[in-house]
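The values are calculated or read from the model by the stated rules, or taken from the named source; none is laboratory data. Quick caveat: nothing in here was measured; it's all calculated off a predicted structure. All Cβ positions, glycine included, derive from the backbone under ideal geometry; neighbour counts span all protein chains shown. Ligands, DNA and RNA are stripped out before the accessible areas are found, and what is left, the full protein with its side chains, is counted by its heavy atoms. Shrake-Rupley method; radii C 1.70, N 1.55, O 1.52, S 1.80 Å.
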Amino acid sequence: MMIITREVTYDVDGLNMIAHLAQPDSPGPWPAVLIGHDGVGLEEYQKQRADDLAAQGYLALAMDYHGGEVFFNRPDAMLDRVMPLLADVERMQAIGRAALDVLLAQPGVDPNRIAALGYGAGGQIVLELAKVGIAFRAIAVVHPAFPDAKTEDWTDVTGTLLMCTGSEDPLCTPQQVLTFGHALQEAGVDWRVNIYGGAEHAFWARPRNPDGSPAEGTNHTMVTVPGVSYHPKHTTRVWRAVLDLFGETF
């Protein structure tokens, strides 16, 4: 399917955000997907996921929550931006809501068929939206940061939730995933977990050279937070799992 892509700008959290919109080049209405990037920033991987979803018949918006900034090779600066954000639920909800409003304002969106996909901190942002009643029919989060695992917060969630992480991820451990899953279970949510053996944090992130070009191998050539490495097989598998969830739902 042919697609159309463009940048969409909007203001929230005191910043001018630069999101990436991708949609089919055909008449709607289309189901819509909100994508939250990980802590590094909105870079080519999440933009490509939006394009891939558009080619599958979805209208996808890859949100921005760093005001166009990408923190390659600057983990300390990234953490200085991300950690205060993760500690402030109202800020996360405002950032996510602003992006969702942009997505729902696009011509051709079917407002009754919306889903979310989040990576790292972007995973917590979309989870915080679900917690306050956004009617996502499907939610996929990959090595997310998690809200508090309080059963009462999730009783109104009606969509299916997929959580994915690596067995060796020190920042989103399998035990954290299962603890959160237990709260979902108590709340009656339809949930599932995929744990990818041998994968560390952000295992989909291909190594890059300092000039931004792809690097060979699995080890990152630029400085990252501890516990990050590339796993090409699991990168393909987790994306297939996301597409399976959305295909099952829509």
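General observations
- Of 199, 241, all but one fail to be in a loop (DSSP other than H, G, I, E, B), open to solvent by less than 30 Å² (accessible area, probe 1.4 Å) and either in contact with a strand residue (DSSP E or B) (Cβ under 9 Å, 6 or more places away or on another chain) or at pLDDT below 95 (or both); the exception is 199.
- Matching residues in the stretch 205-250 - criterion: being hydrophobic (A, V, I, L, M, F, W, C) and more than 15 Å from residue 72 (Cβ to Cβ): 238, 239, 241, 242, 243, 245, 246, 250
- Residue 160 being farther than 22 Å from residue 80 by Cα, hydroxyl-bearing (Ser, Thr, Tyr) and modelled with pLDDT of 95 or more: yes
- Scan of the stretch 137-160 for residues that are in contact (Cβ under 8 Å) with a residue 60 or more places away in the chain, in a loop (DSSP other than H, G, I, E, B) and buried (at least 18 other Cβ atoms within 10 Å of the Cβ), ordered by number: 143, 159
- Count of the stretch 40-53 residues, restricted to those that are open to solvent by less than 10 Å² (accessible area, probe 1.4 Å) and over 21 Å from residue 160 (Cα atoms), is 2.
- For the stretch 166-196, a residue qualifies if it is over 20 Å from residue 86 (Cβ atoms), aliphatic (A, V, I, L, M) and outside any helix (DSSP H, G or I), and the qualifying residues are 189, 193, 195.
Table: residues versus (1) among the charged types (D, E, K, R); (2) over 24 Å from residue 89 (Cβ atoms).
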{"residue": "149", "(1), (2)": "no, no"}
{"residue": "154", "(1), (2)": "no, no"}
{"residue": "161", "(1), (2)": "no, no"}
{"residue": "169", "(1), (2)": "yes, no"}
{"residue": "179", "(1), (2)": "no, no"}
{"residue": "186", "(1), (2)": "yes, no"}
{"residue": "204", "(1), (2)": "no, yes"}
{"residue": "215", "(1), (2)": "no, yes"}
{"residue": "230", "(1), (2)": "no, yes"}
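- Pairs, first charged (D, E, K, R) in the stretch 106-123, second modelled with pLDDT of 95 or more and not in a loop (DSSP other than H, G, I, E, B), C-beta under 6 Å, six or more apart: 110/31; 113/31
- Check on residue 17, touching a residue at least 24 places away in the same chain (Cβ under 8 Å), touching an Asp or Glu at 6+ places or on another chain (Cβ under 6 Å) and more than 26 Å from residue 82 (Cα to Cα): no
- When 137, 206, 192 are checked against the criterion of being charged (D, E, K, R) and at pLDDT below 95, a single residue qualifies: 206.
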